[in-house]
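Enquirer: Quick one: this structure, given as structure tokens, is what I'll be asking you about.
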Amino acid sequence: MRFDIFTLFPSYFEGPFHSSILKRAQSNGAIEIAVHDIRAWTTDRHHVCDDAPYGGGAGMVMKAEPVAKAIEDVLNLKVGPGEAACPVILMSPQGRRFSQAVAQELSQLPRVALLCGHYEGLDERAVELFVTDEISIGDYVLTGGEPAAAVIVDAVARLVPGVLGNEESAVGDSFADGLLEAPHYTRPVEWRGLRVPDVLLSGHHGEVAKWRWKEGLQRTLQRRPDLVEAALKQRQWTVTELRILEELKSELHLTVQPEFNTASNED
Ligand code: ADE
């Protein structure tokens, strides 16, 4: 899969894309990441890419022309949007919310272009002509789209075959089936008086899988009950799964209740 990133700050990506898993994935050809400096498509001496907003107001606006030229050139468009070689996604707090499902969707594509906005935003005419999608990584405002593009490349790339060492490792991920993951343990068996749960030492793969599913469900109920509701709608749960869910719900109710009562007694 190929990622084309359009940015005014290409050096931002030197860290995230040149270490660890993404570095290896580029070396072995599973993914290709090309970072394009929008300034290279300016024609003036000072490589100006921003200007004051029409109508006044604070901040600067990214000019449309350098962005348009960069996209046309890299994506091989004649002039204007034409037949886009791939989706052109603007990083924007106004976009649709990024999630594991969106990462899955993008990982099926052979190529995506990510456009990093800066300053107050990009001239709307460039958005109109070239942008096919807008994505936000959360309800907060970043100084620019670069951190969002890095997050998206990371989350999407690890779903591309050949990127993770063991293909299975994306399967048990938090969110992979809509629930959070079970906790993990490694050696030693006992550390500062805390033991690894016996089931993980038992060698019974079936029991381990059941334990992990239940622990993951318990975590999700405690931390993100909204995800349990969504997972129930997403697929038909087995009778056993539904029974475990009911058991956990009543167990959690029993443990949560006394703490709640204690707190209110102290008031
Ligand atoms: N640019 C600024 N804030 C952003 C956000 N939350 N997501 C994506 N791009 C952004």
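All of the numbers you see were taken from the coordinates with simple rules; none came from a lab. Since we're looking at a predicted model, the values are computed, not measured. Note: ideal-geometry Cβ built from the backbone for every residue, glycine included; neighbour counts use all protein chains shown.
Enquirer: Using only Cα atoms and rounding to the nearest 10 degrees, what angle (0 to 90) does helix 239-266 make with the longest principal axis of the chain?
Expert: 90 degrees
Enquirer: When the helix-only estimate is applied to the chain (DSSP H runs of n ≥ 4, each -39,500 (n - 2.57), divided by the residue count), what is the mean residue ellipticity at 222 nm, nearest 500 deg cm²/dmol?
Expert: -12000 deg cm²/dmol
Enquirer: Relative to the longest principal axis of the C-alpha atoms of the chain, give the angle of the C-alpha long axis of helix 205-223, reported between 0 and 90° and rounded to the nearest 10°.
Expert: Approximately 70 degrees, to the nearest 10.
Enquirer: Using a simple charge model, +1 on the beta-carbon of Lys and Arg, -1 on the beta-carbon of Asp and Glu, nothing else, what dipole does the chain show about its Cα centre, in debye to the nearest 20?
Expert: 660 debye
Enquirer: Ratio of alpha-carbon Rg to the 2.2 N^0.38 Å globular estimate for region 2-73, to two decimals, please.
Expert: Cα Rg divided by the expected 2.2 N^0.38 Å: 1.39.
Enquirer: Can you tell me what the convex hull of the Cα atoms of region 33-115 projects to on average, as an area in nm²?
Expert: Averaged projected area of region 33-115's Cα convex hull equals 7.3 nm².
Enquirer: While we're on this one: Considering only lysines 8 or more places apart in sequence, or on different chains, count the pairs in the chain whose C-alpha atoms sit under 22 Å apart.
Expert: Final tally of qualifying lysine pairs is 7.
Enquirer: Two-decimal Rg/Rh of region 2-167 from alpha-carbon positions, Kirkwood Rh?
Expert: Expressed as Rg/Rh, it is 0.97.
Enquirer: In degrees from 0 to 90, rounded to the nearest 10, what is the angle of the helix 225-234 Cα long axis to the longest principal axis of the chain?
Expert: Long axis of 225-234 versus the principal axis of the chain: about 80 degrees.
Enquirer: Now a separate question. Mind checking which of Pro87, Trp237, Ala30 is farthest towards the positive end of the chain's charge dipole, using Cβ charges of +1 (Lys, Arg) and -1 (Asp, Glu) about the Cα centre?
Expert: After comparing all options, I get Ala30.
Enquirer: Ok, one more. With the cut-off at 13 Å, report for region 180-234 the share of all Cα pairs above it, as a whole percent.
Expert: That tail contains 65 percent of the Cα-Cα pairs.
Enquirer: Let me ask something else about it. GNM, the chain, Cα, under 10 Å: largest mean-square fluctuation among Thr43, Thr186, Thr132?
Expert: Of Thr43, Thr186, Thr132, the most mobile in the Gaussian network model is Thr186.
Enquirer: Can you give the percent of C-alpha pairs in region 103-199 whose distance is more than 20 Å?
Expert: Counting pairs separated by more than 20 Å, the tail of P(r) holds 58 percent.
Enquirer: Still on this structure, I have one more. Using a Förster distance of 25 angstrom, determine the FRET efficiency expected from the C-beta separation of Ala209 and Leu232, and round it to 0.05.
Expert: 0.80
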